[in-house]
1. Between Asp189 and His118, what is the label-to-label distance in nm when each label sits 7 Å out along the Cα-to-Cβ direction?
2. Among Ile88, Ile306, rank each residue by its count of other Cβ atoms within 10 Å, from fewest to most, as a rough exposure measure.
3. Which of the three applies to region 72-124, rounded, prolate or oblate, going by the alpha-carbon gyration tensor with a ≥ b ≥ c and a/c under 1.5 meaning rounded?
4. Would you mind working out the magnitude of the charge dipole of region 184-286 relative to its Cα centre, with +1 at each Lys and Arg C-beta and -1 at each Asp and Glu C-beta, to the nearest 20 Debye?
5. Only four residue types carry charge here, +1 at the Cβ of Lys and Arg and -1 at the Cβ of Asp and Glu. Report the dipole size of region 156-229 about the Cα centre in Debye, rounded to the nearest 20.
6. Taking amide hydrogens as modeled 1.01 Å from N in the peptide plane, which residues meet the under 5 Å criterion relative to Trp108, leaving out close sequence neighbours?
7. Once the piece of chain linking His110 and Ser349 is laid out straight, how much longer is it, given 0.36 nm per residue of separation minus the C-alpha distance between them?
8. Using the crude model of +1 on Lys and Arg Cβ and -1 on Asp and Glu Cβ, and no other charge, please compute the dipole size for region 210-270 relative to its Cα centre, in debye to 20.
Amino acid sequence: MTRSAASTLFGSERRPGRRVVVTGQVGVDKKPFLEKVAALAQSRGQAVKLYHVGDRMYAEAPDVRPGRILDLSLERLNTLRRAVFKDILADIGQHEYALVNTHAAFRWKHGLFPAFDHDQMTALGADLYVVLVDNVDAVHERLTRDHDVDHTLKDILVWREEEILATEILASATRGHGCFYIVARGIEDNTLEALYRLIFKPDTKRVYPSFPMTHVMDLPETLAEIDAFRRQLTEHFITFDPGDLDEKRLLFEAGAATQRGERAIEVQVNGRSLHFDVGEIASVAKDIDAQIYARDFKLIAQSDMIVSFIPELPGGKPGLSSGVERELQHAYETTREVYVVWRPAAAPSPFITETATRVFSSTQEALEHFHAKGYIRELQQSLFDPRAGKPRERGRFG
């Protein structure tokens, strides 16, 4: 069956606009996040229809107690889902922009199973498939607060990886290359804007901000520079910021607790104070590191360009971490545009200059270049160094 024939069969003839499928593991709490995206669009004059598949399935089955729908037999669960998607397909053609909040896979008492039907997803013909992710401790907090689900931190990491893979496979099978994105909840104002622009301003350049993280944690002035760099990129681009998903802090806090001889740490998560067993965190350290490594490369792959910020550390040493070097090399080898904001007084090495599309001496200089290339329409002139409070010298490496 062709895609157009499937659309006609299910009563969903295509109209101008965009249809977006948003997935995410249980505990990411997609519904309030997507309602904020819809509200943001509404405030800017863009109407968007939001379909919550889970809510609609419960409405179709009033006999099912809240939080227990996954305990149904797979046969009834699939029948409910198909009925809900049939209604969505019959209605969605009336709306220019639509968001479908659903899942790609579940791991439950039935084992691991898909949460979609290929024929209905083909009929839907989504333009974008977005998987929403969040920190493992944030997901754990919501699972303990809102769901009666026995789980470990390892379970959460496995479920997240399965949801990402299932969504990517679904996107590739129904739409093809270039329509799948990973978006972190992170700092919501920033990531709300990223998803809004993906939907309503798809021509906006997509950027992966690269910067050192681990070995600048105790340098507040350097962190302030990095944060200013991240904010400026977020203001102008769709940014897939690796710092929006920060699970390494759990490992650092657990390591510090171990040195103090403590067996648990207390962490503020989603406004609540939670205790985590140090041993359990240590047991998933390799999993966290492996997912960071793989996910960051996926974020680079879904970007048009990488912009890396290299600060000057105390003593004049460049703040160039091995992670940033690897990201730059990967971006170069995957033919992304590679830009470097080099802050140290010492000139960058050939390992930077030979793989970079261009090297700048300040974020402002980089933004002016992007403005000249047409990547940015409006540019505020703010040439001040956040550390020194005075204009930086410009053009040393450009």
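Read the figures in this text as sums done on the coordinates, not as results from a lab. These numbers come from a predicted model, not from an experiment. In this analysis, Cβ positions are derived from the backbone assuming ideal geometry, glycine residues included, and neighbour counts consider all displayed protein chains.
1. Result for the modelled spin labels: 4.5 nm.
2. Ranked by crowding around the Cβ, least crowded first: Ile88, Ile306.
3. Since a/c reaches 1.5 and a/b is larger than b/c, the shape of region 72-124 is classed as prolate.
4. In total the dipole reaches around 300 debye.
5. Computed charge dipole of region 156-229: roughly 480 debye.
6. Those qualifying (amide H under 5 Å, at least 5 residues apart or on another chain) are Phe113.
7. Values: separation 239, 0.36 × 239 = 86.04 nm, distance 5.49 nm.
Result for the pair: 80.5 nm of gain on full extension.
8. 180 debye
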